[in-house]
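Undergrad: Before anything else, here's the structure in question.
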Amino acid sequence: MISQSREHSLLEAITADPSRKVYIPQGRSYLQNPPGTTFWQGVASWVFTLDHKRIGVMYLCGVMFSFLLGGLFAGAVRMELWNGTPDLLGDTLQTAQDNYNQMFTLHGAVMTFLFIIPSIPAALGNIFLPMMLGAKDVAFPRMNLASFYLWCSGAIFFIATLLTSGLDTGWTFYTPYSTTTSTSVILATMGVFILGFSSIFTGLNFVVTVNTMRPKGMTWFKMPLFLWGIYATAIIQVLATPVLAITLVLLMCERLMGIGIFDPLLGGDPVLYQHFFWFYSHPAVYIMILPGMAIISEVIPVYSRKHIFGYTFIAYSSIAIALLGFLVWGHHMFTSTESKLAAVIFSALTFTVSIPSAIKVFNWLATMYKGSIHLNTAMLYALAFIIQFTIGGLTGLFLGALAVDVHLHDTYFVVAHFHYVMMGSTLIAFLAGIHHWWPKMFGKMYNERLAQIASGLVFIGFNLTFFPQFILGTQGMPRRYAAYKPEFQFLHQLSTSGYFVLGAGLVMAAAVLIYSLFRGKKAPNNPWGAATLEWKCCSPPTTANFEIQPWTGSPYVYDDFVFDPDEGGYVEVLPDLHRSAAVPAERPAVPATH
Amino acid sequence: MADAATLDAPETEPHGAGHDHGHDDHGHGHPSLAHHFEDLEQQFQAGKLGMWLFLAQEVLFFSGLFAAYTVYRWHYPEVFVDAHHHLNKTLGAVNTIVLLASSLAIAWGVRAAMRNDRRTILNTHVFTLGCAALFLGVKAIEYTHKWDEGIGAGNFYKFTGGHVSADWYFGDYMPGIAIWSIVIGALVCWGGAIWASNAKVVKGWVTGSIGVCILSFGLGIVLAKCVMPTEAELARAEGHGGPHAASHDAPATGKPMPAPAHGELVQTSMSAETTTDGQTAPAAEGVATTEDAAKADQPPSEVVNPEGANVEIAKAEVVQGEAPGGEPAASETLGQAAPREPRFGAANFFSIYFVMTGVHAVHIIAGIIAITWVVAKAAADEFSAEYFLPVENVGLYWHLVDLVWIYLFPLMYLIH
């Protein structure tokens, strides 16, 4: 934390000698084309772009559209559950229930495969991972673009699924139902297969970029923690996703040819499918949450104006979560013919995941302790993350405990648990990241007050939607049912009301951000005083990111940053070369002013 | 850290700059250096690490299949032992040798790239292409042989004891395909050779490579046909369609095959085929082994689950409203013409065989495309001792494809 007096003296120093401000050259935004570009050239410059930031922006649009789609499906589910009789989604009981099955399946599949897995790594990671490394691009720019187009084709398959006979298997495609239902399982699994390769290529790119393109001076343990989180995620993406791919190939073969691997009627083993599926999909849970944690690890120190507490532990805990995540898939099958021994082992391993997760939470709290906390929108979302992730994580322990899980399996308790982790944590972290990096991505400041109000609505709406579901689950309300007993109605109605509050909050947040694109103030280079490299270039950056290679300092030391009213943002102050003898050896002796 | 002077001007667009092989004339020195790397060494390390990660991904992709294989072999070893007699060990061995030779050649080619020996890069890679196509030729003959016998994957498994299946009969086309492949392949090779000698080096080598592929495919079929006639042909030569499927295995395994026990082996692992009118056709004569003979006196309901009742299967049967004890499943549920028994049998083994070798064959075809691309670039003289990353990466990929086969061959063909 910076003392008031130090801040004051820095401000005095730059007023007296403006050349002590680190010079950041301005240039043409990566979003713009050179003057004289025709419309179609402009379109082509986006379609064939190899710029990681433009690809990230395209991903951002894509995943937000998917989120909207998945959110509308969720709305259909919640509104159907307003009362206990399935009547909203169809005229007869049968059609209403069939359509309900379609709605929750499509909600889950779209949210999981199209939104949440690519959300943080492919959108924000693509934009900021190379910039945090001071690099010009990811290691394989063309593969990066290819992965975006793979994502698009996967999305097209999903849309084709929607337009044909839909999907009603649940997002998990469990056999034998998925081999017998008449809905478009092949189209959907083909979509997931392609999305998987998109995810693999993104992960591969990130691992190679982090390994080979770190700037001089940035050793592994001087990397921003966002990179550690994304790196751990990328490892899971590369190693787990292919197992899902081959599982889906086998599922498609099962449907097309009846190969009898998963279908019990043909001699196959449906539980084998569950093992294969969760061997990917449990690590995939960490593909979803690790990038969220990575964002929170960036946001909290910046807005607490204090060095991150326990850097090494947070870094290692990301890797630990990634590795342990591969060993716990069996806890999804406690109730499906798993041997008692295997169940006990998987249960114990599941508990171990809570250790690195708790390490992160405690370190974030310790970072905030005695910090100078600025309750900006990103920080509000980060605080919401800590609360909701704690609830989501602790209820995960209930489900990891064998005896409790038998009762809670397939109830709303599970639904509430994973929504607290997936939505209450990952989505909230995604929103924190978007608000934190918005000025850098688009060069505009949004209305802070309105964004804070939106974050409050999101927090209230989220908890109103999902907290009642914990209670419903413990009372025995099973998941995936369109009908329920009258005594559950009050809690279901609370939950549905929460959906509308949450939706209002999200729409408001989106409106505030989109409005800023058109009417927002121009963003300064470093509005929040962050010390990571992506803030050491202009907002928005140029195509090459850094016109002058930035000096790689510690990502969490804020001592040299001070709010400069002239710039409307923070500036980094160089040491006084005339008076101070304590000049860091690596720092350029002459400030790079051009 | 790069000094600012060596960075691109702000106006420089990244278009046209490639990560490992693009042209970039921004004054970095080497034409193969992409704009966002600092030097060739960094680019080489990135490309190589990327390839190893891709290979790790490939290994895990195949590992799902190997895991399925392991689980079912663990549960049903007798099915695997029985069914694998239908695989031709000689052809499998031929393919193994072909792939090992190709791996040697491509490793030699990488070495040649390091030594700036363009001619050897081209020769070794074209040889590798030839091997790959030979492999596919042999695979084609193996698959045809299986389909001729009615051995397909899953629902296409219609084996009825060595009879030639009308559904899957196109073995007669293979000699024609072989002859045309050889003729066309030789012509294309010749055309490529003429081009190459007329200073159109790239076109010449690429055309030559494609020609070698077509030629080798045809040669592979000839080789396979010469090494081992198909069972369909044996049946025709012998003039009867009776059970004889084990005849080609007897010399290979060196153990006498027991006489088929007609009528008693209703529930052998070779999947009894139940006809639509309810009659049960004994299906497994050809491959009946001593274990089957030993089981022949057991009541069918016990043979259904020789390892003890499988809970999931039992549950599913109840769910589907089936009567236990091997009665025909309700065919409406699956939309199948002939219902299969709800137990793991030869159809399942061959499903695993076709999926595993099929996925492997897809990788061979991808390898052929990648190697042809390397040939084109080598012919254009783009590689040097400083820049040979694509050669190395394609070589690594090819070794992996080879390695997968090295595991597949014993696991499928050499079971005891």
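Undergrad: Looking for whichever is outside any helix (DSSP H, G or I) and facing chain B (nearest Cβ under 7 Å) here; the options are A:242, A:215. Which one fits?
TA: A:215
Undergrad: Listed residues A:348, A:366, A:403; which is out of contact with any strand residue (DSSP E or B) (no Cβ under 8 Å at 6 or more places or on another chain) and either touching a residue at least 12 places away in the same chain (Cβ under 8 Å) or of a type in the set (Lys, Arg) (or both)?
TA: Exactly one residue qualifies, and that residue is A:366.
Undergrad: Can you name the residue in the stretch A:314-344 that is crowded, with 23+ Cβ neighbours inside 10 Å and aliphatic (A, V, I, L, M) and, of all such residues, is farthest from the other protein chains (Cβ to nearest Cβ)?
TA: A:314
Undergrad: How about the stretch A:249-260: which of its residues are more than 8 Å from chain B (Cβ to nearest Cβ) and crowded, with 24+ Cβ neighbours inside 10 Å?
TA: A:251, the sole residue that qualifies.
Undergrad: Taking the conditions exactly as written (at pLDDT 90 or above and outside any helix (DSSP H, G or I)), does residue A:46 satisfy them or not?
TA: For residue A:46, the condition - at pLDDT 90 or above and outside any helix (DSSP H, G or I) - is not met.
Undergrad: Mind listing just one residue for me: the one in the stretch A:411-439 that is over 24 Å from residue A:522 (Cα atoms) and among the aromatic types (Phe, Trp, Tyr) and, of those, surrounded by the fewest Cβ atoms within 10 Å (Cβ to Cβ)?
TA: My answer is A:418.
Undergrad: Okay, moving on. Can you tell me which residue among B:97, B:179 is in a helix (DSSP H, G or I), surrounded by fewer than 18 Cβ atoms within 10 Å (Cβ to Cβ), within 24 Å of the chain's Cα centre (by Cα) and modelled with pLDDT under 90?
TA: Sole residue among the options that is in a helix (DSSP H, G or I), surrounded by fewer than 18 Cβ atoms within 10 Å (Cβ to Cβ), within 24 Å of the chain's Cα centre (by Cα) and modelled with pLDDT under 90: B:179.
Undergrad: Here is a follow-up. For the stretch A:117-211, which helices (runs of 4 or more DSSP H) that fit wholly inside it have 1 or more residues that are more than 17 Å from residue A:49 (Cβ to Cβ), within 14 Å of chain B (Cβ to nearest Cβ) and among the hydroxyl-bearing types (Ser, Thr, Tyr)?
TA: By residue number, A:177-180.
Undergrad: In addition: Is the stretch A:550-560 home to any residue that is of a type in the set (D, E, K, R), more than 14 Å from chain B (Cβ to nearest Cβ) and either assigned to a loop (DSSP other than H, G, I, E, B) or buried (at least 19 other Cβ atoms within 10 Å of the Cβ) (or both)?
TA: Yes, the stretch A:550-560 contains a residue that is of a type in the set (D, E, K, R), more than 14 Å from chain B (Cβ to nearest Cβ) and either assigned to a loop (DSSP other than H, G, I, E, B) or buried (at least 19 other Cβ atoms within 10 Å of the Cβ) (or both).
Undergrad: Another question, then. Quick check on residue A:233: is it touching a helix residue (DSSP H, G or I) at 6+ places or on another chain (Cβ under 7 Å), more than 13 Å from every other protein chain (Cβ to nearest Cβ) and in a loop (DSSP other than H, G, I, E, B)?
TA: Against the criterion (touching a helix residue (DSSP H, G or I) at 6+ places or on another chain (Cβ under 7 Å), more than 13 Å from every other protein chain (Cβ to nearest Cβ) and in a loop (DSSP other than H, G, I, E, B)), residue A:233 does not qualify.
Rundown of residues vs (1) assigned to a helix (DSSP H, G or I); (2) under 22 Å from the mean Cα position of the chain (by Cα); (3) crowded, with 21+ Cβ neighbours inside 10 Å, yes/no style:
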{"position": "B:378", "(1), (2), (3)": "yes, no, yes"}
{"position": "B:387", "(1), (2), (3)": "no, no, no"}
{"position": "B:391", "(1), (2), (3)": "yes, no, yes"}
{"position": "B:396", "(1), (2), (3)": "yes, yes, no"}
{"position": "B:407", "(1), (2), (3)": "yes, yes, no"}
{"position": "B:410", "(1), (2), (3)": "yes, yes, no"}
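Undergrad: Also: Among (1) of a type outside the set (Phe, Trp, Tyr); (2) outside any helix (DSSP H, G or I); (3) buried (at least 21 other Cβ atoms within 10 Å of the Cβ), there is one condition residue B:116 misses while meeting the rest; what is its number?
TA: (3)
Undergrad: Does the stretch A:181-200 hold any residues that are in contact (Cβ under 8 Å) with a residue 60 or more places away in the chain, closer than 17 Å to residue A:257 by Cα and in contact with a helix residue (DSSP H, G or I) (Cβ under 7 Å, 6 or more places away or on another chain), and which are they?
TA: Matches in the stretch A:181-200: A:185, A:186, A:189, A:190.
Undergrad: Would you check if there is a residue in the stretch A:255-263 being in a helix (DSSP H, G or I) and within 27 Å of residue A:324 (Cβ to Cβ)?
TA: no
Undergrad: Scan the stretch A:371-391 residue by residue and report those that are hydroxyl-bearing (Ser, Thr, Tyr) and in a helix (DSSP H, G or I).
TA: A:377, A:381, A:390, listed by residue number.
Undergrad: Report, by residue number, each residue of the stretch B:370-405 that is more than 17 Å from residue B:124 (Cβ to Cβ) and either touching a strand residue (DSSP E or B) at 6+ places or on another chain (Cβ under 9 Å) or modelled with pLDDT of 95 or more (or both).
TA: Answer for the stretch B:370-405, where residues must be more than 17 Å from residue B:124 (Cβ to Cβ) and either touching a strand residue (DSSP E or B) at 6+ places or on another chain (Cβ under 9 Å) or modelled with pLDDT of 95 or more (or both): B:400, B:403, B:404, B:405.
Undergrad: Just give me the residues in the stretch A:501-541 being surrounded by 22 or more Cβ atoms within 10 Å (Cβ to Cβ) and of a type in the set (S, T, N, Q), in sequence order.
TA: Correct list: A:525, A:526, A:532, A:539.
The values are calculated or read from the model by the stated rules, or taken from the named source; none is laboratory data. The structure presented is a predicted model; accordingly, all values stated were derived computationally and were not measured. Glycine also receives a Cβ, built like all others from the backbone with ideal geometry; neighbour counts cover every protein chain displayed.
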